[in-house]
Amino acid sequence: MLFLIDENLPLSITSYLQSLNYDVFDVAGSDLRGASDKFLWNKAATEKRILVTRDLDYPILGMSKTPYALILVRVPSEYTAAQITKLFKEAFAGIDTKKIKNNVMVISPGRIRISPLPK
């Protein structure tokens, strides 16, 4: 699996996925820091990556290509990096990544929702 981790998520999520031997592109640690959501969406789509973000403004509708999947981490603004990573790890451990293809997975405290990516 290939992942693109948006810069609004802690580096510890990138480290966690890399420890599982996934190919992970970390926006925060790259020259794409500050790139537009549309650019990152297209990069994830072109490379067939799972886009992982906290950003609600991604241009899902009207895009000609979609990433492999979108994982949206929805947490209160006061959550620490450690809390976000813990929530992500717990949710990720319980899913089959092959089953999220073409879907949006929303991870929030106490809840995981999966629905199709809009076309």
request  = Within region 64-88, work out how many residues are in contact with a helix residue (DSSP H, G or I) (Cβ under 6 Å, 6 or more places away or on another chain) and of a type in the set (Lys, Arg).
outcome  = 1
query = From Val52, Val27, Val73, which residue is modelled with pLDDT of 95 or more and more than 22 Å from Lys98 (Cα to Cα)?
reply = Val27
ask   = On the given criteria, is Asn42 among the polar types (S, T, N, Q), at pLDDT below 95 and under 16 Å from Met1 (Cα atoms)?
value = no
message = Checking the structure you have, find out if any residue of region 22-30 is under 15 Å from Ile71 (Cβ atoms), among the aliphatic types (A, V, I, L, M) and without any contact (Cβ under 8 Å) to a residue 60 or more places away in the chain.
response = yes
key: Matching residues, region 110-119, being surrounded by 11 or more Cβ atoms within 10 Å (Cβ to Cβ) and free of Cβ contacts under 8 Å to residues at least 40 places away in the same chain   = Ile112, Arg113, Ile114
remark   = Log entry, pairs with first residue in region 85-101 being over 12 Å from Tyr16 (Cα atoms), second being among the β-branched types (Val, Ile, Thr), beta carbons closer than 6 Å, six or more apart or on different chains, reads Ala91/Ile107; Ala91/Ile112
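A quick yes/no check of all residues on (1) at pLDDT 95 or above; (2) surrounded by fewer than 18 Cβ atoms within 10 Å (Cβ to Cβ):
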residue: Met1; (1), (2): no, yes
residue: Asn21; (1), (2): yes, yes
residue: Ala35; (1), (2): no, yes
residue: Ser77; (1), (2): no, yes
residue: Ile84; (1), (2): yes, no
query = Pick from Pro67, Pro59: which is exposed (fewer than 15 other Cβ atoms within 10 Å of the Cβ), modelled with pLDDT under 95 and under 20 Å from Ile107 (Cα atoms)?
reply = Pro59
query = Here is a list of conditions, (1) at pLDDT 95 or above; (2) touching a strand residue (DSSP E or B) at 6+ places or on another chain (Cβ under 6 Å), and Lys89 meets all of them except one; can you say which number that is?
reply = (2)
note = Within region 6-22, the count of residues that are within 13 Å of the chain's Cα centre (by Cα) and either over 16 Å from Thr85 (Cβ atoms) or β-branched (Val, Ile, Thr) (or both) comes to 2
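The values are calculated or read from the model by the stated rules, or taken from the named source; none is laboratory data. These numbers were taken from a predicted model, which means no experiment stands behind them. Glycine gets a Cβ as well: all are built from the backbone with ideal geometry, and neighbour counts include every protein chain shown.
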